[in-house]
Amino acid sequence: MYSAFLSPELVAQLSDAAQPVPEVPGLKVTPALLNDFPDIETPEILAAVVEVFQEVRSQLEALLAQRETDREFVDAYLKRQGPSGLIGARDAAGRMVIGPAPERLQMRPVSVPDFMAGPQITLFGPPDDPKMSINAMNALHRQLPGEDPLVARLVAESGHVPRWGADSEDSKTPMAHDLRMASRNLKGCFEGTLTFDDPRNGKHYSLAEDGLALPVKRVPGLALPDGDHLLDGEPLPLHLVELVQHIWINRAQEKARVIYFPKLENEEEAAYLAAAIEAAEGAVKRRYPEYPLHTVRVILVFENPRAIFRIREMGEALYPYFLGGSLGWHDFLASTARLFRHDPDYRIPVKADPDIVIRNIRESHAILVRDLGESGALKIGGMYGILYQSGDIESFAACMVGYIRDVVTQLKRGLDGFWVAHPDFVRIGIALVEAWRQQQAAPDSTVVHDLVRALVPIESEHAPLLSFIDGPDVAGLDESDPRYLRAVLASELGVSPVIANDDPEEVRYNVFQALQYLADWLRGNGCVALPAKLKLGQKPVFVRVMDDLATTERSRWEVWAEIAHGRVSMALFEQILAEEVEFIRSGAETATKRTEVRWEGEAARWYPLAVQLLRTLMTDPDPPEFVTELLMSYTFPCVRETIRSS
């Protein structure tokens, strides 16, 4: 089921090193997990994981096989007929592979728990580090130096706390020890007991007495295997191990039963997830009769071109567990680029474009709001991941302008919230949402304008930004327009007004960023803030862009398409790759370019491999479906030990 991620030879090696669990016939677990996490890797919990897997195994195997069949159908269709008619096309069995259902489904009402009501300003980041977890939980209290009193007033008047997307998926290299640490830290967050003493400076970290963020765990998607838990010599699904362990150890915590789930593609997969949750709850209920069934709530991350057309159907298939949805636009664009990989006219929105959400995601936002609004489900936007350079007022101003534009755009479209990549943006986000709410209630209010002037330190930026805020949203397409369905997928773009996809500088930017990310992922980090440039007016200024696995997916598909369709030559790609490798290796720095992941220490050990993997991802005529197909084996010590520094 998972041979694309872990070879049979590696699985056999992992099995030989694993330790049997006598209480669970056929199960073997990496010994270090049993020794280091006796509170999580218990025979009872592991037995429950196996029970759930056995209950849903055939359904999961069929879904993953169907994914492959559907990919083959799309590829063959595009090669034979081109993109016209693909959306709405049916396979030999009459099943629509991608497109909206013929009739609009009426969803049953969604009940939002009181603790989840209100704006969904969500900080995203991994929970494996206790200090970072505490900082995320305390994000409401993180005031920037010189914070304007208006921000504090609006935060207080809002009365809401932020959410924390405790991410064990794209933001984290899925190493078994780190995933268990994440589970342990989250349990301490929900119980209010997590503390940390930093041995480097002696500082004590603890959770605030009030205003704590609400953690919402994001578990890995359906496709990933868990090579540290083997049943009859085969990896268990990582999402089931994570799901069952999380529900079990937090069974007394109502707030812990809200989770994010990524990368589902249609209602068939949503129905599987409902069955898996029902089985997991049942396994807990059999051991703990007081556990209340049907209390898990799921926020789906709609980040696939097939899913965006089936939001209602997926929500209904997940009933009674469905709580809402978010649009993860980096993965959405990457998976769309994969879908249209055999369409030479398709262009993914360029990575260098800071206005992707404003220009290219409008129709998708409209579907999310329309399809979830009637049911009362949560409808959440995506990530703002541009961070400022500390101490640089122009960098801060550029980030604030971009952040305010993104937030206001999503509020205009009727979304309930959005994601941010750093705690510094949490209070500002809450203040922006509250100011918007107050001004909508009292149109004569100047509170939004006042807040903008307080947040953006360069006065020349105020007028154009306020004009943008007061103006209409960008024009969208009516559903009757023949271009509408392609516009939903941001796939009717032509050449970008920012920079062409095949421009050597756009290729260079993607190579430079993705190469650093891969090296950082391989050394154990799942997200890294990489230096980039953003325009403030007409002046380019340094910022940092928070990259995770999703941004690397979209980068590699962008470059792959340009090479595969002959717009970028292999010679040019190899030249750019060699130049970027030399730039990073030499430790060079220019007035317009800086390296974050330097070729030194642990990163130096992984850079040569990162170069090889990047070349495969961007040039292989038949590249892997997911980047993790190439990366997953490097999460195991027996493989990592074979990589030497160079």
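Okay, here's what the table says:
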{"quantity": "Subset of the stretch 573-615 (residues that are open to solvent by 50 Å² or more (accessible area, probe 1.4 Å) and in a helix (DSSP H, G or I))", "calculated": "Glu574, Gln575, Ala578, Glu579, Glu582, Arg585, Ser586, Gly601, Glu602, Gln612, Arg615"}
{"quantity": "Verdict on Phe425 being assigned to a helix (DSSP H, G or I), of a type in the set (Phe, Trp, Tyr) and either open to solvent by 10 Å² or more (accessible area, probe 1.4 Å) or free of Cβ contacts under 8 Å to residues at least 40 places away in the same chain (or both)", "calculated": "no"}
{"quantity": "Residue that is least open to solvent (accessible area, probe 1.4 Å) [pool: residues in the stretch 401-420 that are of a type in the set (Gly, Ala, Ser) and over 20 Å from Lys535 (Cα atoms)]", "calculated": "Gly417"}
{"quantity": "Close pairs from the stretch 167-196: first within 20 Å of Leu222 (Cβ to Cβ) and assigned to a loop (DSSP other than H, G, I, E, B), partner of a type in the set (A, V, I, L, M) and at pLDDT 95 or above, Cβ under 6 Å, at least 6 apart", "calculated": "Ser168/Leu179; Ser168/Ala182"}
{"quantity": "Test set (1) without any contact (Cβ under 8 Å) to a residue 40 or more places away in the chain; (2) out of contact with any helix residue (DSSP H, G or I) (no Cβ under 9 Å at 6 or more places or on another chain); (3) in a helix (DSSP H, G or I); (4) not charged (D, E, K, R) - Tyr403 fails condition number", "calculated": "(2)"}
{"quantity": "The stretch 151-208: number of residues that are of a type in the set (D, E, K, R) and open to solvent by 40 Å² or more (accessible area, probe 1.4 Å)", "calculated": "8"}
{"quantity": "Count - residues of the stretch 265-296 that are open to solvent by 30 Å² or more (accessible area, probe 1.4 Å) and assigned to a loop (DSSP other than H, G, I, E, B)", "calculated": "7"}
{"quantity": "Among the residues listed as Arg362, Arg437, the single one being out of contact with any His (no Cβ under 8 Å at 6 or more places or on another chain), on the phi < 0 side of the Ramachandran plot and at pLDDT below 95", "calculated": "Arg362"}
{"quantity": "Qualifying residues in the stretch 353-366 (those that are of a type outside the set (Asp, Glu) and in contact with a helix residue (DSSP H, G or I) (Cβ under 6 Å, 6 or more places away or on another chain)) - the one farthest from Gly88 (Cα to Cα)", "calculated": "Pro354"}
{"quantity": "When residues of the stretch 61-113 are limited to those that are of a type in the set (Lys, Arg) and within 26 Å of the chain's Cα centre (by Cα), the one farthest from Ser491 (Cα to Cα)", "calculated": "Arg67"}
{"quantity": "Matching residues in the stretch 503-535 - criterion: being surrounded by fewer than 23 Cβ atoms within 10 Å (Cβ to Cβ) and over 29 Å from Ser569 (Cα atoms)", "calculated": "Arg523, Gly524, Asn525, Val528, Ala529, Lys535"}
{"quantity": "Any helices (runs of 4 or more DSSP H) falling wholly within the stretch 1-120 and containing at least 3 residues that are in contact with a strand residue (DSSP E or B) (Cβ under 8 Å, 6 or more places away or on another chain), touching a residue at least 24 places away in the same chain (Cβ under 8 Å) and open to solvent by less than 40 Å² (accessible area, probe 1.4 Å)", "calculated": "8-17, 43-81"}
{"quantity": "Counted residues, the stretch 384-400 - those being outside any helix (DSSP H, G or I), open to solvent by 30 Å² or more (accessible area, probe 1.4 Å) and out of contact with any helix residue (DSSP H, G or I) (no Cβ under 7 Å at 6 or more places or on another chain)", "calculated": "3"}
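The values are calculated or read from the model by the stated rules, or taken from the named source; none is laboratory data. All figures in this text were calculated on a predicted structure; none of them were measured in a lab. Glycine also receives a Cβ, built like all others from the backbone with ideal geometry; neighbour counts cover every protein chain displayed. The protein model used for the area step is the full one, side chains on, heavy atoms only, and it has no ligands, DNA or RNA in it. Shrake-Rupley method; radii C 1.70, N 1.55, O 1.52, S 1.80 Å.
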